[in-house]
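To keep things clear, I will list the structure first and then write my remarks on it.
The values are calculated or read from the model by the stated rules, or taken from the named source; none is laboratory data. Given the structure is predicted, the values throughout are model-derived calculations rather than measurements. We place every Cβ from the backbone using ideal geometry, glycine too, and count neighbours over all the protein chains shown.
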Protein chains: 2
Amino acid sequence: MSLPTHAETPVAIAIHGGAGTIERGRLSDEQEASIRSALTAAARAGHQVLAEGGSSLDAVTVAVRLLEDAPEFNAGRGAVLTFDGTVELDASIMDGASLAAGAVAGMTGVRHPIEAARRVMSESPHVMLVGSGADAFARAQGLEFKDPDWFITEFRLQQLRAVQARQQSATQLSEDWFSTVGAVALDAEGNLAAATSTGGMTNKRWGRVGDSPIIGAGTYADNRSCAVSATGHGEYFIRHAVAHEICARVRLTGVTLADAADAVVNQVLREAGGDGGVIAVDPAGNISMPFNTPGMYRASIDVDGHLRVAIYGDDD
Amino acid sequence: MSLPTHAETPVAIAIHGGAGTIERGRLSDEQEASIRSALTAAARAGHQVLAEGGSSLDAVTVAVRLLEDAPEFNAGRGAVLTFDGTVELDASIMDGASLAAGAVAGMTGVRHPIEAARRVMSESPHVMLVGSGADAFARAQGLEFKDPDWFITEFRLQQLRAVQARQQSATQLSEDWFSTVGAVALDAEGNLAAATSTGGMTNKRWGRVGDSPIIGAGTYADNRSCAVSATGHGEYFIRHAVAHEICARVRLTGVTLADAADAVVNQVLREAGGDGGVIAVDPAGNISMPFNTPGMYRASIDVDGHLRVAIYGDDD
């Protein structure tokens, strides 16, 4: 299908809702429909910003806000629960034009962590705020907060109980689904932006922070190369500085975005044992969405206005 | 002067204690002597580990522990104070052989934050722990804790009072000294390691985290390229993923470590307005210590066993 585009200058957006061992038949038709519908709505909302001449920063913010509100995804409302049955929310955002960036980790009550990250970028001299300090900053900024119960869905409670019953080890990692949401966009001015938001890992403990709020690991944007948002087993994505590595390969070696993203996800991460994927867009509007897991929730609207929504590896 | 080296295989170590607008005459002779003495002790202790065939991970840990205990430097004891008059300690460490890494941020009472980072790397499946969760993990690991007063020196109290008196804005950034400690080393097995530790920024607020605990920004090590520990205005070092960028340039473009480190510090960061410097070592034992500030506390023992201790830009 085709959506109207605003200008002759290309605009493009891609979003994700997590990657993992999701195979056909595991989701009910109803679940699958609601996921595809939420992905479609987020991609369209972000694209509308771009089509009206808005900035890539606004587009990724709008898309991620919708994904944070959607209880299907592990970010904002519907985030996975910690060892203590609470939510701890992480997010980051980056402006490819200026390399300005904002990140928050371990937030407990803000409705839209991506807004908190954006305010850190635009309203503070800092890049990263963590824990209760990040909450206090977001409150001082007037951002919307919700009661703890608002975030917690019955599905995540059951998931936590199942994980806790299954394992003795409190630091167990063997999840088969690394859920995160994210967006990358190219606007009509030629500026790139990337944003990522997550509740982290079910049953996480000890203030564990994954790659999502780490600029260079889960999120990176640079007009000279590309914008990347990652989702996967965060520890591996940090060690390999995945988002920055993809941008560095494009910028320093001249490979295409598709080749750089594919090599990092399907060679470097696969060999290391790091499950997951990325979404990425370059200044020409080329979109790349490789993953090394059976599935990744994803959607995109390309420079020709074509909407694509996909879940499985053979979903194209 | 020359120190004994153990094997025919080269070993090397470099350490730093912060970078900034330190100029001749600003330090008393006594202060300068105590700083040079602390730098010398840390470099020698790390080098001894290497000379006896120990690992680069052990060498950087030993060196940084000593710098954390030294009240002259902004890490561990003698860390700068937050807006609330407390210490919040960040550290990270990385193993260039395996890319294993550990990081902690916002810790409040552990004597050696670098040990906490190392335990995250070796004793947890995670890379980064923050806030009270990191403290709880370190306690569970049996690490040594100290009372809040142990960390606080009269010098830092005066510094906080001066900064708070000088500024209305609580998020003021115009510090002229970005103090951090760090070490990089090459061991006889050919393995690289990097470690960084800091108290962050005087009068910091809202759980601000700089580049020191961010793998890829303040710390990176990869046997295929180099090991880097950074010190400087952390927000710029995060946006440019400085430590990973230097390693990526060496690995992807084949430039020398000296050229890569110099370009990132003296071109990229200087143009962006990011004050600071790095220490770095490559698999051949080449040491590079560029900085774009008037001074950087630094010391190194190279592959020939030559000790060098320096403070100012013309100190060579």
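Given the options B:Arg239, B:Arg249, name the one that is of a type in the set (D, E, K, R), within 14 Å of chain A (Cβ to nearest Cβ), in contact with a strand residue (DSSP E or B) (Cβ under 7 Å, 6 or more places away or on another chain) and surrounded by 19 or more Cβ atoms within 10 Å (Cβ to Cβ).
Residue meeting the stated conditions: B:Arg239.
One residue is enough: does the range B:229-236 have a residue meeting the conditions within 13 Å of chain A (Cβ to nearest Cβ), of a type in the set (Phe, Trp, Tyr) and assigned to a loop (DSSP other than H, G, I, E, B)?
No, the range B:229-236 contains no residue that is within 13 Å of chain A (Cβ to nearest Cβ), of a type in the set (Phe, Trp, Tyr) and assigned to a loop (DSSP other than H, G, I, E, B).
Answer with yes or no whether A:Leu81 is in contact with a strand residue (DSSP E or B) (Cβ under 7 Å, 6 or more places away or on another chain), hydrophobic (A, V, I, L, M, F, W, C) and on the phi < 0 side of the Ramachandran plot.
Details: in contact with a strand residue (DSSP E or B) (Cβ under 7 Å, 6 or more places away or on another chain): no; hydrophobic (A, V, I, L, M, F, W, C): yes; on the phi < 0 side of the Ramachandran plot: yes.
It is false that A:Leu81 is in contact with a strand residue (DSSP E or B) (Cβ under 7 Å, 6 or more places away or on another chain), hydrophobic (A, V, I, L, M, F, W, C) and on the phi < 0 side of the Ramachandran plot.
Name the one entry in A:Ala136, A:Ala97 that is free of Cβ contacts under 8 Å to residues at least 12 places away in the same chain, surrounded by fewer than 24 Cβ atoms within 10 Å (Cβ to Cβ) and either within 7 Å of another protein chain (Cβ to nearest Cβ) or touching a Leu at 6+ places or on another chain (Cβ under 9 Å) (or both). Show your work before the answer.
Numbers: A:Ala97 fails: free of Cβ contacts under 8 Å to residues at least 12 places away in the same chain.
Sole residue among the options that is free of Cβ contacts under 8 Å to residues at least 12 places away in the same chain, surrounded by fewer than 24 Cβ atoms within 10 Å (Cβ to Cβ) and either within 7 Å of another protein chain (Cβ to nearest Cβ) or touching a Leu at 6+ places or on another chain (Cβ under 9 Å) (or both): A:Ala136.
Restricting to the range B:67-94, count the residues that are surrounded by fewer than 20 Cβ atoms within 10 Å (Cβ to Cβ) and either under 30 Å from B:Pro283 (Cα atoms) or within 12 Å of another protein chain (Cβ to nearest Cβ) (or both).
Count: 4.
Answer yes or no: is there a residue in the range B:255-269 that is modelled with pLDDT of 95 or more, assigned to a strand (DSSP E or B) and more than 9 Å from every other protein chain (Cβ to nearest Cβ).
The answer is no; no qualifying residue exists.
Can you pull out the residues in the range A:18-36 that are within 27 Å of A:Gly218 (Cα to Cα) and not charged (D, E, K, R)?
Passing the criteria: A:Gly18, A:Ala19, A:Gly20, A:Thr21, A:Ile22, A:Leu27, A:Gln31, A:Ser34, A:Ile35.
When you go through (1) at the interface with another protein chain (Cβ under 10 Å from one of its Cβ atoms); (2) touching a strand residue (DSSP E or B) at 6+ places or on another chain (Cβ under 6 Å); (3) within 30 Å of B:Glu189 (Cα to Cα) one by one for B:Ala105, which number turns out not to apply?
It fails just one condition, (3).
Return yes when A:Gly76 is touching a Lys or Arg at 6+ places or on another chain (Cβ under 7 Å) and assigned to a loop (DSSP other than H, G, I, E, B) and no when it is not.
Spelling it out, A:Gly76 is indeed touching a Lys or Arg at 6+ places or on another chain (Cβ under 7 Å) and assigned to a loop (DSSP other than H, G, I, E, B).
Just to be sure, is B:Asp149 closer than 22 Å to B:Arg208 by Cα, among the charged types (D, E, K, R) and more than 10 Å from chain A (Cβ to nearest Cβ)?
yes
Of the conditions (1) surrounded by fewer than 19 Cβ atoms within 10 Å (Cβ to Cβ); (2) not in a helix (DSSP H, G or I); (3) not small (Gly, Ala, Ser), A:Val104 satisfies every one except a single condition; which number is it?
A:Val104 satisfies every listed condition except (1).
Which one is surrounded by the fewest Cβ atoms within 10 Å (Cβ to Cβ), of the residues in the range A:206-228 that are more than 10 Å from every other protein chain (Cβ to nearest Cβ) and closer than 13 Å to A:Phe178 by Cβ?
Only one residue tops the list, namely A:Gly218.
Does B:Arg118 meet the test of being part of a helix (DSSP H, G or I) and buried (at least 24 other Cβ atoms within 10 Å of the Cβ)?
yes
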